[in-house]
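The values are calculated or read from the model by the stated rules, or taken from the named source; none is laboratory data. Because the structure is predicted, anything quoted here is derived from the model rather than measured. Here Cβ is always computed from backbone atoms with ideal geometry, including for glycine, and neighbour counts include all displayed protein chains. Ligands, DNA and RNA are stripped out before the accessible areas are found, and what is left, the full protein with its side chains, is counted by its heavy atoms. Shrake-Rupley method; radii C 1.70, N 1.55, O 1.52, S 1.80 Å.
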Amino acid sequence: MENSTLNNRFRTALFSHEDEDQDKEYVGFATLPNQVHRKSVKKGFDFTLMVAGESGLGKSTLVNSLFLTDLYKDRKLLNAEERITQTVEITKHTVDIEEKGVKLKLTIVDTPGFGDAVNNTECWKSVADYIDQQFEQYFRDESGLNRKNIQDNRVHCCLYFISPFGHGLRPLDVEFMKALHEKVNIVPVLAKADTLTPTEVKRKKIKIREEIEQYGIKIYQFPDCDSDEDEDFKQQDQELKDCIPFAVIGSNTVVEAKGKRVRGRLYPWGIVEVENPAHCDFVKLRNMLVRTHMQDLKDVTRETHYENYRAHCIQSMTRMVVKERNRNKLTRESGTDFPIPMVPGATDTETEKLIREKDEEVRHSPCQKPHEQTQHHEQHPEPEPRVDPPSEPPPSAEVEHCVCKCVICVY
Ligand code: GDP
């Protein structure tokens with residue numbers, strides 16, 4: 001079966017080659033993208049998305065709306081009392097999604113408990129540690145012997161949810177983004193945009209963008225458009241950049257709007273449609289994440305964030321090795337620096353006594369015999385006629401004749 005497929009493929013290649021004979025300029029490397037495409041589709045894709053922000057901002061609802069799944073079936077919601085003492089937890093959900101034969105292993109990393117405590121100082125720490133741990137694991141796997149099936153759990157993007165009820169960023173938002181912007185691609189989103197009027201959304205976006213700039217936060221930067229791209233594409237790209245932070249709405253329910261069944265939120269005064277570009281930026285965010293920038297998010301993770309981590313790791317490892325080497329060199333040079341092992345609980349004289357006893361033991365041990373023989377041999381040498389002198393004389397006759405290879409003989 002496999003052979004016939006191969007033969008067919010080979011025959012097709014030959015025939016197409018004959019056809020192409022007329023076109024002498026054609027070598028065939030134009031098919032390289034097809035080969036890459038086939039291989040990648042076979043291998044499948046993976047993507048790890050982190051969602052962070054205070055609980056109740058609609059993170060789980062948005063993730064379900066984005067990937068049309070129900071990732072949070074078994075979620076246990078905590079009451080207010082439990083949340084006060086709760087620390088930030090990191091949870092991971094993985095789903096395999098398939099669309100037109102293309103498989104995507106999607107991992108969602110959630111941060112329940114973030115920003116929920118009374119004192120939220122350094123609550124970003126466990127999130128930062130998690131990201132570092134994934135880098136560390138990858139670094140270990142990559143430096144190991146079998147690098148064929150490395151599981152890549154590095155976080156490719158972090159959707160950071162900003163509350164629609166504040167005036168711009170809160171101190172916690174600034175702290176979180178500043179602590180993580182060099183570890184992960186941060187994409188800020190303005191949560192529950194249906195609670196704001198269009199003017200409010202516009203004003204809040206401008207304020208948040210200004211504050212991001214003011215605090216020196218480096219959020220994910222969309223790559224610049226190539227100059228040869230068509231005007232439509234350039235305009236779409238600019239619109240996407242002006243959209244930051246994406247004003248989003250999520251919903252787990254399907255409602256009927258204008259005779260169509262859509263994901264939306266039903267209010268007494270009307271329906272808010274999640275996928276309606278006039279209502280929010282949900283479609284723009286989904287297109288960016290899935291259709292246009294998923295690969296770039298992965299590339300930036302690999303080439304910038306992971307590379308930074310790796311360089312930092314290698315630097316500190318090198319520093320440690322150099323320090324250790326210098327220490328050893330110093331110890332060797334100042335021979336007296338060797339610490340003399342002390343027997344616990346023994347006084348100096350007792351230690352000396354013990355050392356003397358050990359010396360005696362060594363002197364009377366079986367390995368002394370060859371030495372004695374050697375000495376005897378040296379005393380009554382039977383010179384053998386030597387034509388060529390050895391290029392390197394043995395360090396001592398004792399070593400030459402010793403058969404027991406004990407430490408004393410060797411040194
Ligand atoms: P999480 O704790 O951040 O994961 O928040 P959830 O997804 O559990 O949502 C908390 C509550 O907010 C639920 O009652 C949701 O129905 C509601 N919710 C989610 N998304 C939106 C939204 O876009 N707009 C509004 N008004 N409510 C939302």
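Observations on the model:
- Ranked order, Phe47, Phe67 - accessible area, probe 1.4 Å, largest first: Phe67, Phe47
- Packing, taken as the mean count of other beta carbons within 10 Å per residue, orders the peptides 196-205, 176-185, 93-102 from highest to lowest as 176-185, 196-205, 93-102.
- Computed Kirkwood radius, in angstrom, where 1/r is averaged over Cα pairs of segment 166-271: 16.2
- Along each principal axis, Cα extent of segment 171-212, largest first, Å: 34, 18, 16
- Ser40 contributes an accessible area of around 40 Å² to the protein surface, as traced by a 1.4 Å probe with all chains present.
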